[in-house]
1. Using a 1.4 angstrom probe with every protein chain in place, what is the largest-first accessible-area order of GLU116, GLU20, GLU81?
2. For the pair ASP184/LYS248, report the inter-label distance in nm, with labels modelled 7 Å from Cα in the Cβ direction.
3. Projecting each Cα onto the charge dipole of the chain (Lys/Arg +1, Asp/Glu -1 at the beta carbon, about the Cα centre), which of GLY24, GLY75, LEU241 comes out farthest on the positive side?
4. In debye, nearest 20, what is the charge dipole magnitude of the stretch 112-232 about its Cα centre with +1 on Lys and Arg Cβ and -1 on Asp and Glu Cβ, if you could check?
5. How long are the semi-axes of the ellipsoid equivalent to the stretch 133-222, from square roots of 5 times the Cα gyration tensor eigenvalues, in whole Å, largest first?
6. For q = 0.16, 0.25 Å⁻¹, what log10 I(q)/I(0) does the stretch 171-243 give under the Debye formula with an equal point scatterer on each alpha carbon and no solvent?
7. Could you report the accessible area of HIS53 in Å², rounded to 10, computed with a 1.4 Å probe on the protein chains as they sit in the structure?
8. Under a Cβ-only charge scheme (Lys and Arg +1, Asp and Glu -1), can you give me the dipole magnitude of the chain about the Cα centre, in debye to the nearest 20?
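The values are calculated or read from the model by the stated rules, or taken from the named source; none is laboratory data. From a predicted model like this one, the values you see are computed outputs, not experimental measurements. So basically every Cβ, Gly included, is an ideal-geometry build from the backbone, and we count neighbours across all protein chains shown. Ligands, DNA and RNA are excluded from the accessible area calculation, which covers all protein heavy atoms including side chains. Shrake-Rupley method; radii C 1.70, N 1.55, O 1.52, S 1.80 Å.
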Amino acid sequence: MNIGETLKSMRLHAGLTQTEMAAGIVSESYYSKVERGVHDISADALFKILIKHHLDPVSFFMKMSYRKKNNNLLGDFTKIEFAQSKKDLNELNKVEAQLNKKYSEGWPARLKFQLEMARAWITHSNKDIDPEIKRKAKQVVLEDKMDREMFYYLSQACVLLDIKDASRLFDLAVKAYNKNPEIDVMSVTYIALLCINFLNCCYHKNGEKKYIELAINTVLQLPAEPHIAYHKILAVYYRALFNKDYQKAATMIEIFTEAGVVSNVADTLPIEE
């Protein structure tokens, strides 16, 4: 599938019209031609459309690639992501049992990695993760370029690492971003996502105060762009948690609940008075 076909598939899955999907970022007419492959779309416009509709850019390209190469593999990724989104360990174990039968001669490495990450995010622990996967997760960050793609990778893989390793790599990522602070949508979004996911790891694994403060301050100092507004709000929420300001955190929980997004912070509940 190409970009236009993948956009159309995700739009239909979300139940959106072409006008709604275009969201004023490009005209409905132009967007329609992008879907039909008549026009190309700039990277900036594409990412703005994806983020506007809460569609993860990396998942978009992953789905585009795997739909082109292997529909079955995409379906397996979706099953894992669904269990992770529900934070349902029993469901994830069922998926793993199914995939063990399907891949009895050996799992695709990327799929196995995704399964282990899902397990770690659900349990908030890496103690049951294959040591080789933890080693590779760390090695990838140390050996590759610390750029926006790596910010996203680390935002997902940090849960696989021991908190000391995760903190050290997080520090390297923030330094890399601050050395050359890009202002494109993707870079800002990914560094914000990395900070929030790292804060979640710190909450569950007793992260050091200096790294917690670094993560919070980094998010709050990012440009005041709509696509990271929720990340900034989450940073304020985590600051309240770490400062043991439970009254403020409880007030924010009420707002999250009213807005219908409390599930995103459910693993930090209940708040003890």
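1. Details: GLU116 10, GLU20 90, GLU81 50 Å².
The ordering from most to least exposed comes out as GLU20, GLU81, GLU116.
2. 3.5 nm
3. Result: GLY75, furthest along the dipole toward the positive end.
4. Working: 17 positive and 16 negative charges, 65 e Å.
The calculation lands at about 300 debye.
5. On the way: eigenvalues 67, 51, 21 Å².
The three semi-axes for the stretch 133-222 are 18, 16, 10 Å.
6. -0.50, -1.17
7. Counting only protein heavy atoms, HIS53 exposes about 40 Å² to solvent.
8. Numbers: 37 positive and 35 negative charges, 108 e Å.
So the magnitude is around 520 debye.
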